[in-house]
Number of protein chains: 4
Amino acid sequence: MKTFYRKELLLAPGPTPLHPEVLKAMISPMISHRTQSFQDLYKEIEEYLKELMHTKNQILLIPSSGTGGLQAAVKGCLSMGEKIVVASNGHFADLFSRLAASNGMNVVDVPFPWGQPVDPFVIAASVKEHKDAKALLLIQNETSTGVLSDIKTIVTEIRKVNKEILIFVDAVSSLGGTEFRLDEWGVDVVVSSSQKALMAPPGLCIMSLSDRAWAAAETVTCLDYYFDIKRIRKEANRHMTLTTPAVSIFFALRKSLEIIFNEGMKNCFGHNKALQEMIFELSQSTGVTPLGRLPYASPTVTALVVPEACDPEMIRNELYKKYSIVSGPGLGKIASKTFRIGHMGYVDRNDIQMFFNSLTEIISGPRARRPK
Amino acid sequence: MKTFYRKELLLAPGPTPLHPEVLKAMISPMISHRTQSFQDLYKEIEEYLKELMHTKNQILLIPSSGTGGLQAAVKGCLSMGEKIVVASNGHFADLFSRLAASNGMNVVDVPFPWGQPVDPFVIAASVKEHKDAKALLLIQNETSTGVLSDIKTIVTEIRKVNKEILIFVDAVSSLGGTEFRLDEWGVDVVVSSSQKALMAPPGLCIMSLSDRAWAAAETVTCLDYYFDIKRIRKEANRHMTLTTPAVSIFFALRKSLEIIFNEGMKNCFGHNKALQEMIFELSQSTGVTPLGRLPYASPTVTALVVPEACDPEMIRNELYKKYSIVSGPGLGKIASKTFRIGHMGYVDRNDIQMFFNSLTEIISGPRARRPK
Amino acid sequence: MKTFYRKELLLAPGPTPLHPEVLKAMISPMISHRTQSFQDLYKEIEEYLKELMHTKNQILLIPSSGTGGLQAAVKGCLSMGEKIVVASNGHFADLFSRLAASNGMNVVDVPFPWGQPVDPFVIAASVKEHKDAKALLLIQNETSTGVLSDIKTIVTEIRKVNKEILIFVDAVSSLGGTEFRLDEWGVDVVVSSSQKALMAPPGLCIMSLSDRAWAAAETVTCLDYYFDIKRIRKEANRHMTLTTPAVSIFFALRKSLEIIFNEGMKNCFGHNKALQEMIFELSQSTGVTPLGRLPYASPTVTALVVPEACDPEMIRNELYKKYSIVSGPGLGKIASKTFRIGHMGYVDRNDIQMFFNSLTEIISGPRARRPK
Amino acid sequence: MKTFYRKELLLAPGPTPLHPEVLKAMISPMISHRTQSFQDLYKEIEEYLKELMHTKNQILLIPSSGTGGLQAAVKGCLSMGEKIVVASNGHFADLFSRLAASNGMNVVDVPFPWGQPVDPFVIAASVKEHKDAKALLLIQNETSTGVLSDIKTIVTEIRKVNKEILIFVDAVSSLGGTEFRLDEWGVDVVVSSSQKALMAPPGLCIMSLSDRAWAAAETVTCLDYYFDIKRIRKEANRHMTLTTPAVSIFFALRKSLEIIFNEGMKNCFGHNKALQEMIFELSQSTGVTPLGRLPYASPTVTALVVPEACDPEMIRNELYKKYSIVSGPGLGKIASKTFRIGHMGYVDRNDIQMFFNSLTEIISGPRARRPK
């Protein structure tokens, strides 16, 4: 049984802690998703998100996790069996490949070392090679390794070799935490969700598509009713969702976006960046090493490589047991030597300081040791 | 601009008004969906739902609307092109047919008059005829017409002619508002969602499958990653979801189920039934007629047929404009002569009384008249 | 045991129902009352209240009910044994007399018929007669009878016969629901509280004093530490309270004042007035009669005289038992023939309609009858 | 303007941080304080408090701060001019003396060194000397110095020399944080409030009186209407308050008491004690010294003596500016060398660790220095 005087510090890489005002937003009286009140709510969120993504395109809000948006992109823009290239530098790229394959696509993985960003020239060369590929998937921020890829440069290089390929960007753990410019960069589909740097609870998927992506969608017979972007767009045109959404999360997201814009996008990005720098500095004396190295270290999530003798799961257990700190496990092939913390959303310098104080205590003790 | 002293009365057929304790539940500090705390939360909800559905089978909780669960049933238990029979007595049956067809299935609609329940003998005859059908879709409570079908009797008749056909039941607007016995009745897949008679906010889909359904799923290659019930089950085995769910809605649903069970299932069903009877009584003097007739009138949703001279949309507009009452539009082919109210969840006798007082005022006035 | 599907309708004459945004305000993280954050909060409330009272004087916020403010006025502006005239037209005037006497003052009651406002000429004549009286107590809105007295005219008449007498006004159930002009009218002390027409929860007393009142206070040795207005003023000068206040109620009051000013003072007053008129209209067919007659009928509280054969307490019990409506009892010498409803704060037309529908049912039934 | 990503850590010596469940309690729909629902609420709180105070006597709940209860004790049990002895070992004893004198009493201060507990033999000797004293005031936990006096032993010694003197105990910052046994120890009046170790928001004063105190009250003509304990008792007999209380704080206090009793009184006391020990340990390397020494160090509040060269106000400013930590100022004659933190209510080990990490940084830096 949990004692009441242990306050959990949520540093998982999503969901993130919620600002008191965001919590409050959720206790608004329920409204129907088929009313003007809901349409107004949708519109306000859409306006904020357009500004955040620097796009003039429509925003789709879908009752699902971010994964649902990736499926919607694949199913809506590609026909079964078409080829998609995946720039693969971490676990979430692997998950996407599985998703695309499960949905019947022909997936080509282009591997990059985990902990490294996607190399623009290498991925451009692959795209050039796979002339028949209809789409490319990039992850702006690999949540498993804490690495930010340079979407702008990558897209520039891709366009030199293929003007038509659809470029999908998974911005799930980056949107709201770092810059994203859909129109200017030339991205075709972006997918994000409510519970990461946008600091709302989970429950809402966010998408936007370029004209090129919509044109492609027109040629496709979507075999997925729930995630059929053409049906979704039709409803979005009147600021509604295709199926009943988590209205409470709409309330929350409107408030968290209001908070972000009151603060200023740049200040928010700067805050996340400052936390990343603080992590780098405090890591040095603690014996852990951020996996993502500068200048590609993620401003929102850091994967920490633990000392050889230590077991990351034992560290995580101790962090929770002794200090009530919730971190994220290492994932995929680096699971046995890393664990992760989120530093997006409503996380401040004190939280990071507290984390490192606690980590220092644990790492120097016997319980962090890997069993022999 | 809305003035502050208008309190909306939400009588839409979902989402429903929220009990103050359910609202409170949502401001619990956020937790990660990959922790023991979340697993405990899932388990508590699962136990309540098993009792409510009278099943020993596992409960799947999916981050989507109820529609997502219907897609999961179709995609998980049928292969593309397989035949599914739809007992069609309203708009939501039509929507399901569209969903199944869009997902690549061969759909056979068996039509019943709107406003009537599914006739057990007629549907059994159709099933007998379509020997090659792999599944049958029944809707326990047609939300468009306010009609409850007798699932128990229907399943009994079906089983006389086909022991193997998978019987899917859409219990979206009935679960929590009327009896449901998965195991005893012999249903194979049930789908519901959080925001109707379960009186939580929308955002969570609920499913349970029989052994027969799981066995069928084993033979299918699911071409839908997000709604792949086999993947979802694997996570549900450890009381987690496949992708990040709306954790806040889990908090809310746990609380609403706790309230329902504190009250007692039977009392809750009785309350909904009593509201239905009150509606029948009050309708008489108002000039509207419930579409669903006894004994099949829905305990949770009523479609009201308006007087010939009246326009249901004008009535709904007046209800909202003058009395801040939110109702649901008529749907499908009966849209021009009906509109609907939900009387499930946190709705009481005063709410229904207020609705009829207001309706009486409006119907007798000039603004309800159909334009000539 | 209470069943969950009974929604209480709070029509007591205070506390009043709370707007959802006011409820939300209370879950703000706690702050210390000795910080800049608290001072800012105090200042915002003070600015709103100055505007609402039309005064340039300082606002005192005291951790007590409104009664505390009346005691503070008496103890701070009068020395023990000094004479105070009370314009007495209801139960709360009686209570005040008791309060003043208990605090050691010499009280002169000037009686007016219950259900009538204070007559400006009669009270002026009494004041003239009691030349040695140091203060006069007026109640703007008698909460026991639902009668509004015309403070402006009364003060004008008083000043013709006595320029120095301190005029105290109890505006507990009127401030926020009708006009109040401290400076222009020449009132010396006004006392109100958070939970009536200001539509915040109870817990906070509001006062403001004229220069004349402050000058009087200087001559008095206050024998009441807690309600010593000179000590309280000293703290109020730096926007703090003398002792620890209910900070949560400060949060709530700031929000309710924000709502009131967003709506516009005049619109709020108009809304309350409209509810009063609605009550008069609906009373006619119900068999009850508002005690306060036009033009003095209170815009915020109505005392209803029940038919001879009926017992108001039996009516109130039935209202609660059958319809979950909370009303206020009759008070003082009219207790056996009246009961009361508040129509201030977050109360709308539907609430009043629901009240009269329910009342009509009850009054026509056997359970409202006075036992023989 | 405050940036959103600074989370305040409230370590003031009251109000204290609020548990999420206590915050939630406050958004319950408002109820009238003249209903059965309120009476039930009062009763539940009374039962908890009786158990916490180990008393069979009635609990008075008064809409005021704790100071109000002290005034009620003095005004209700003493007549004007009667003598009260004050055991004075800190600022709050001084405040009480001022309160008693302002209320017209004859106050005898018995001084003890600040930072020391009240010496049972010294105070007993003073009581013996002042045979005509009607009451004695003891403070269980001096919030200005962080010192706990041994009430049990003191009362034992007092009773050896005076069986009749009324013993008042101010338990404002101790009740809920350490043991208190009203009946067994022979205390006559205890006063506490909601916002300290009881971890509810401020707004509610708590009192209980022995039979001896009630007998004394019968002989007194109370010249204080608001704090007249005889009137208050009459209402408390039916579980109501004399004047309208902060109902929201009743909701909150019921929940916080429920949490305390779920945890177990002893565990709560132990938790506070453990925090005090943690503070002693962490102080050593930081250069600050707790003023209250063992075994009298308070389990709920610590006054820290800063190094000679440092200015406590500068330290507090830095704590807030750099780390968003809210502490309490030094008070009275030790203001220039101390500041204070509360470690009662919803405060955990991480909070204390964070405080000392931050304090260490600040004390070693230039900004903590006293200006020359």
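Across the identical copies, the label point of residue A:80 (7 Å from Cα in the Cβ direction) is separated from its matches by 0.1, 9.6, 9.6 nm, in order from shortest.
Per-residue Cβ counts within 10 Å, from other chains only, averaged over A:338-349: what number is that?
2
In the assembly of identical copies, residue A:267 has its label point, taken 7 Å from Cα in the direction of the beta carbon, separated from the corresponding points by 3.0, 4.2, 5.1 nm (ascending, one decimal). Packing-based ranking of C:333-340, A:279-286 yields C:333-340, A:279-286, ordered from highest to lowest mean Cβ neighbour count within 10 Å. Along its principal axes, the protein assembly as shown has C-alpha extents of 100, 80, 54 angstrom, given from the largest down.
By the scheme Lys and Arg +1, Asp and Glu -1, what is the net charge of all other residues having a beta-carbon under 14 Å from that of residue A:52?
Around residue A:52, the charge tally is -3.
Ranked for footprinting exposure by Cβ neighbours inside 10 Å, fewest first, D:64, C:28 give C:28, D:64.
Legend: mean number of C-beta atoms from other chains within 10 angstrom of residue C-beta atoms, peptide C:234-246, equals 4.
Any idea what angle helix B:66-77 forms with the longest principal axis of chain B, computed on alpha-carbon atoms, 0 to 90 degrees, nearest 10? Around 30 degrees separate the two axes. With label points defined 7 Å past Cα in the direction of Cβ, position residue B:160 shows copy-to-copy spacings of 7.5, 9.6, 9.6 nm, given to one decimal and shortest first. Every pair of different Cα atoms in the range A:214-351 enters the Kirkwood calculation, which places the hydrodynamic radius at 18.5 Å. Across the options D:280, D:270, D:332, the greatest Cα extent toward the positive end of the charge dipole of the range D:268-372 (unit charges at beta carbon of Lys, Arg, Asp, Glu) belongs to D:332. Sorting the segments D:32-39, D:132-139 by their residues' average number of neighbouring beta-carbon atoms within 10 angstrom, most packed first, yields D:132-139, D:32-39. Test of understanding: extend the Cα→C-beta vector of residue D:309 to 7 Å, then name every residue of the range D:335-365 with backbone N under 20 Å from that spot. Correct set: D:336-339, D:357-365. Projecting the Cα atoms of B:31, B:18, B:53 onto the charge dipole of the range B:5-135 (Cβ charges, centred on the Cα centre) puts B:31 farthest toward the positive pole. DSSP assigns beta bridges within the protein assembly as shown; of those with both partners inside it, close to 50 percent run antiparallel. Beyond 21 Å, what share of the Cα-Cα pairs of the range D:102-198 is found? Please give it as a whole percent. Value for the range D:102-198 (Cα pairs over 21 Å): 30 percent.
Per-residue ellipticity at 222 nm, computed for chain A from helices alone with -39500 (n - 2.57) per DSSP H run of at least four residues, works out to -13000 deg cm²/dmol. Neighbouring Cβ atoms from other chains, within 10 Å of the Cβ of residues in C:355-362, number 1 on average. If one takes the longest principal axis of the Cα atoms in chain A, at what angle in degrees, from 0 to 90 and to the nearest 10, does the Cα axis of helix A:120-129 lie? Approximately 40 degrees, to the nearest ten.
Footprinting exposure proxy ranking of A:322, C:24, B:266, B:43, fewest other C-beta atoms within 10 angstrom first, gives B:266, B:43, A:322, C:24. Its Cα centre serving as origin, chain B has a Cβ charge dipole (Lys and Arg +1, Asp and Glu -1) of approximately 640 debye. Take the Cα of residue B:215, go 7 Å toward its beta carbon, and the backbone nitrogen atoms of the range B:141-177 under 12 Å from that spot belong to B:163-166. Within the shell defined by Cβ-Cβ distances under 12 Å, the residues around residue D:252 carry a net charge of +1, with Lys and Arg each +1 and Asp and Glu each -1. Size descriptors for chain B: radius of gyration and Dmax over Cα atoms are 20.5, 63 Å.
When you restrict to C-alpha pairs under 8 Å that are six or more residues apart and normalise by the size of chain B, the relative contact order lands at 24 percent.
Computed from the C-beta positions of residue B:47 and residue B:156 and an R0 of 41 Å, the FRET efficiency is 0.90 to the nearest 0.05.
Its Cα centre serving as origin, the range B:158-288 has a Cβ charge dipole (Lys and Arg +1, Asp and Glu -1) of approximately 260 debye. The magnitude of the dipole of the protein assembly as shown, with charges of +1 and -1 set on the Cβ of Lys/Arg and Asp/Glu and taken from the Cα centre, is near 0 debye. Chain B comes nearest to the axis taking it onto chain D at the Cβ of one residue; that residue and its distance, in whole Å, are B:24, 2. By other beta-carbon atoms within 10 Å, ranking B:169, C:161, C:326 with the fewest at the front produces C:161, C:326, B:169.
Every read-out reported here was derived from the displayed coordinates using simple, explicitly stated rules and does not represent laboratory data. Owing to the predicted nature of the structure, the values given are computational and were not obtained by experimental measurement. A quick note on method: Cβ atoms are made from the backbone with ideal geometry, for glycine too, and the neighbour counts reach across all protein chains shown.
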